[in-house]
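Only one structure is covered here, and it is reproduced in the block below.
The values are calculated or read from the model by the stated rules, or taken from the named source; none is laboratory data. Here the structure is a predicted model, which means the values were calculated and not measured. Note: ideal-geometry Cβ built from the backbone for every residue, glycine included; neighbour counts use all protein chains shown.
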Amino acid sequence: MGVGGAKLAKVLAVTNQKGGVGKTTTAVNLSACLAALEQRVLMIDLDPQGNATTGCGIAKRSALPSVYQMLIGRSTLAEVRIKTEFGFDLLPANRELAGAEVELIEMGGREYRLREALAGAGGEYDFILLDCPPALNMLTVNGLVAAQAVMIPMQCEYYALEGLTDLVATLKKVRANLNPVLEIEGLLRTMFDPRSTLTQQVSAELESHFGAKVYRTIVPRAVRLAEAPSYGKPVIAFDPSSKGAQAYLSLAQEMLGRIVGPDLSGLSGDGAAQGATA
Ligand code: ATP
Ligand code: MG
């Protein structure tokens with residue numbers, strides 16, 4: 001894709017309107033693991049909670065200007081961008097971003113602000129990962145309009161499938177009205193506890209509904225993943241041999257395999273669904 005063979009970034013929104021399912025953990029750790037695999041990565045914190053920002057060791061208060069100024073057109077991407085210690089770039093966020101929700105409503109092209117701010121940066125990165133807030137609000141809509149695909153982290157519990165139905169309905173609406181290319185990149189099982197029968201059942205149901213869209217990599221419940229943010233580090237920088245670090249590294253490898261071609265990841269011969277990067 002791209003002009004003259006130049007590869008453009010794959011823009012992925014890490015999203016799920018359900019709170020606490022592992023969106024931020026996935027955005028931060030996948031960014032770090034893709035960077036460790038020599039990919040050029042930009043992570044964008046689209047959540048006023050700023051957890052992805054602090055998870056990279058950036059104090060929220062010092063994060064000025066933030067993605068908020070970029071969305072309302074007061075700063076450019078280059079002015080907001082920070083280089084993290086972990087090999088990827090970050091557009092940080094803090095509480096201020098909550099105000100964008102209101103201000104964007106009154107702006108022209110409010111759903112396209114992020115997409116427009118990113119135009120031109122596509123050639124600088126292999127991946128742009130967006131950490132969305134746990135809501136289907138204007139910030140998330142900006143993420144879904146800027147993205148080519150969504151990555152959906154989820155816990156395999158009873159209400160997860162119901163939430164997924166709502167999310168898929170939203171994605172369809174966005175595709176119909178705002179971003180016709182938007183697709184599901186993959187569903188990621190997080191905080192997985194294989195001892196739970198319910199988890200096994202929900203997981204099996206997920207596979208039967210979504211087939212190859214469900215990543216084969218499963219992220220286990222792992223205490224080091226929960227501890228790493230308090231040190232301001234992705235887990236591969238904090239404890240590289242931990243189960244959590246290995247899981248996100250294998251997710252990064254699985255993604256790269258899918259994008260390069262299905263033969264590399266051994267994906268049962270149906271790479272067509274993801275084959276839009278030719
Ligand atoms: P929010 O909806 O509030 O933005 P989120 O979907 O971004 O939440 P996280 O912040 O990534 O979810 O995770 C929620 C909590 O669970 C955090 O305390 C995080 O450290 C912890 N956590 C995430 N993934 C794992 C895991 N695989 N094992 C153990 N703890 C985890
Ligand atoms: Mg989060």
**Asked** Which residues, taken from segment 149-201, are away from ligand 1 (no atom under 16 Å from the Cβ) and of a type in the set (A, V, I, L, M)?
**Response** A149, L161, V168, A169, L171, V174, A176, L178, V181, L182, I184, L198
**Asked** Applying the selection to segment 142-163, what residues are crowded, with 23+ Cβ neighbours inside 10 Å and within 15 Å of I44 (Cα to Cα)?
**Response** N142, G143, L144, A146, A147, V150, M151
**Message:** Exactly one condition in (1) under 28 Å from D126 (Cβ atoms); (2) touching a residue at least 40 places away in the same chain (Cβ under 8 Å) is false for L171; which is it?
**Reply:** (2)
**Prompt:** Considering G19, G55, G50, which residue is surrounded by fewer than 24 Cβ atoms within 10 Å (Cβ to Cβ) and either β-branched (V, I, T) or in contact (Cβ under 8 Å) with a residue 12 or more places away in the chain (or both)?
**Reply:** G19
**Item:** strands (runs of 3 or more DSSP E) wholly inside segment 123-218 that include at least 3 residues being within 17 Å of K18 (Cβ to Cβ)
**Value:** 149-155, 183-192
**Among (1) over 17 Å from the mean Cα position of the chain (by Cα); (2) modelled with pLDDT of 95 or more; (3) not aromatic (F, W, Y) - the single one G257 does not satisfy** = (2)
**Request:** Residue by residue through segment 64-81, note down the ones that are more than 16 Å from Y125 (Cβ to Cβ) and surrounded by 24 or more Cβ atoms within 10 Å (Cβ to Cβ).
**Result:** S66, Y68, L71
**Request:** Considering only residues that are among the aliphatic types (A, V, I, L, M) and in contact with an Asp or Glu (Cβ under 9 Å, 6 or more places away or on another chain), look in segment 92-127 and name the one that is surrounded by the most Cβ atoms within 10 Å (Cβ to Cβ).
**Result:** A93
**Residues satisfying the stated conditions in segment 16-50, i.e. within 9 Å of ligand 2 (Cβ to nearest atom) and among the basic types (K, R)** = K23
**Asked** From K10, K60, which residue is among the charged types (D, E, K, R), away from ligand 1 (no atom under 11 Å from the Cβ) and within 13 Å of the chain's Cα centre (by Cα)?
**Response** K10
**Message:** Looking at segment 219-237 only, could you name the residues that are more than 12 Å from ligand 1 (Cβ to nearest atom), part of a helix (DSSP H, G or I) and more than 18 Å from the chain's Cα centre (by Cα)?
**Reply:** A237
**Request:** Only residues that are modelled with pLDDT of 95 or more and away from ligand 2 (no atom under 16 Å from the Cβ): list them for segment 51-67, please.
**Result:** G57
**Fill in**
Here the residues within segment 124-143 that are farther than 20 Å from R81 by Cα and away from ligand 2 (no atom under 16 Å from the Cβ) are M138, V141
**Asked** Considering F192, F210, which residue is in contact with a Leu (Cβ under 6 Å, 6 or more places away or on another chain) and aromatic (F, W, Y)?
**Response** F210
